Amino acid sequence: MKTEICHLPAKQQGELERIKAVLMEEFARSIERATQPGKRNGKILKIILFGSYARDDWVDEPENGYQSDFDLLIVVSHEDLTDISDHWYLAEDKILRDPDVGRTLNIIVHTLADVNRALSRGEYFWVDIIRDGVMLYELPNHPLATPKPLTPVDAYEMAVGYFDKQVKSAQNWMKLAQLAGEQEMDQDWRNKIAFNLHQAVETIYACFLLTTTLYFPRSHNIKFLRSLAEDREPRLVEAWPRDSKIDRRRFELLKRAYVEARYSASYEISAADLEALAASAEKLRAIVEAICGSHIADLKKAAAGS
């Protein structure tokens, strides 16, 4: 794995140094407050940059709504330290508001045991991180496992299992949104449509990521999921217009719907917004099903020839 970020412009290098410092500082504060031994003795074992900024194919056009996010894997010593809301929320919020960081940060947090199990199974997502990632921080004497390739048959069977389950689930969420849309169109019903569309989009991204990488992060943040998916497959960008302010606002409304459409009295979304979002969700579903179908066909051929 690479250990240098000299391929990045000075600005992004500085942002990553700032992010790393904040993560370490806030984590130290978090475990100081902990009472359970697993948390109080917890350690960050590795911080790994992955995705477009690791591969050197990022996009930086914020004026057009297209800007790659920083993606970081944080490897920790204990399962209790993987809870984002418990140990990492304050650091994420601080980085979000930091004027010296000019792009969104996405983090996933896993134990070394979890990462090494996935590498030993040859799961694509983790193998790609080992191949393309950049080690920003590492505590000595905690090695990563050597990746072992999946057998073609296992790869095919896992992908098919994930695809079948997630496609059905996404279709059902879309049906629930359509059912809500057939009711009297007051704000309460519009909110319910928004929530169901959020769940449909989240599930469509789960379908794509699980089928093609065998991994899905524990997150309901569809902006993060969109970033992970589009980083792997640029064709998915077609589903979400970004050129106009109203398009970007609508996606933000959908992102917020997971919590606010159910619990916030101030959340409002219009019928026009819902119609546009539903059209994008359907387009995303069609693109994902086509890509995943092609991927599974390739896996089937490889399995038949093994």
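The values are calculated or read from the model by the stated rules, or taken from the named source; none is laboratory data. If you're wondering where the values come from, they're calculated on a predicted model, not measured in any experiment. Glycine gets a Cβ as well: all are built from the backbone with ideal geometry, and neighbour counts include every protein chain shown.
When you look at residue 291, is it in contact (Cβ under 8 Å) with a residue 24 or more places away in the chain, assigned to a helix (DSSP H, G or I) and buried (at least 19 other Cβ atoms within 10 Å of the Cβ), yes or no? So residue 291 passes the test. Can we say residue 179 is crowded, with 18+ Cβ neighbours inside 10 Å, on the phi < 0 side of the Ramachandran plot and of a type outside the set (Val, Ile, Thr)? No, not satisfied.
Answer yes or no: is there a residue in the range 100-117 that is more than 30 Å from residue 157 (Cβ to Cβ) and loosely packed, with under 15 Cβ neighbours inside 10 Å. Looking through the range 100-117, at least one residue is more than 30 Å from residue 157 (Cβ to Cβ) and loosely packed, with under 15 Cβ neighbours inside 10 Å. Given the criteria over 17 Å from the mean Cα position of the chain (by Cα), in contact (Cβ under 8 Å) with a residue 24 or more places away in the chain and either assigned to a helix (DSSP H, G or I) or surrounded by 16 or more Cβ atoms within 10 Å (Cβ to Cβ) (or both), does residue 262 qualify? It is true that residue 262 is over 17 Å from the mean Cα position of the chain (by Cα), in contact (Cβ under 8 Å) with a residue 24 or more places away in the chain and either assigned to a helix (DSSP H, G or I) or surrounded by 16 or more Cβ atoms within 10 Å (Cβ to Cβ) (or both).
Quick check on the range 17-33. Is at least one of its residues over 28 Å from residue 143 (Cα atoms) and either aliphatic (A, V, I, L, M) or more than 16 Å from the chain's Cα centre (by Cα) (or both)? Yes: the range 17-33 contains one or more residues that are over 28 Å from residue 143 (Cα atoms) and either aliphatic (A, V, I, L, M) or more than 16 Å from the chain's Cα centre (by Cα) (or both). The set of residues from the range 23-49 being among the β-branched types (Val, Ile, Thr) and modelled with pLDDT under 95 comprises 31, 35. Only residues that are touching a Phe, Trp or Tyr at 6+ places or on another chain (Cβ under 7 Å) and among the small types (Gly, Ala, Ser) were counted across the range 173-192, and they come to 1. If the condition is being under 19 Å from the mean Cα position of the chain (by Cα) and modelled with pLDDT under 85, then the range 61-78 contributes 65, 66. Going through 230, 202, 238, 184 one at a time, which residue ends up being surrounded by fewer than 20 Cβ atoms within 10 Å (Cβ to Cβ) and in a helix (DSSP H, G or I)? Of 230, 202, 238, 184, the one residue that is surrounded by fewer than 20 Cβ atoms within 10 Å (Cβ to Cβ) and in a helix (DSSP H, G or I) is 238.
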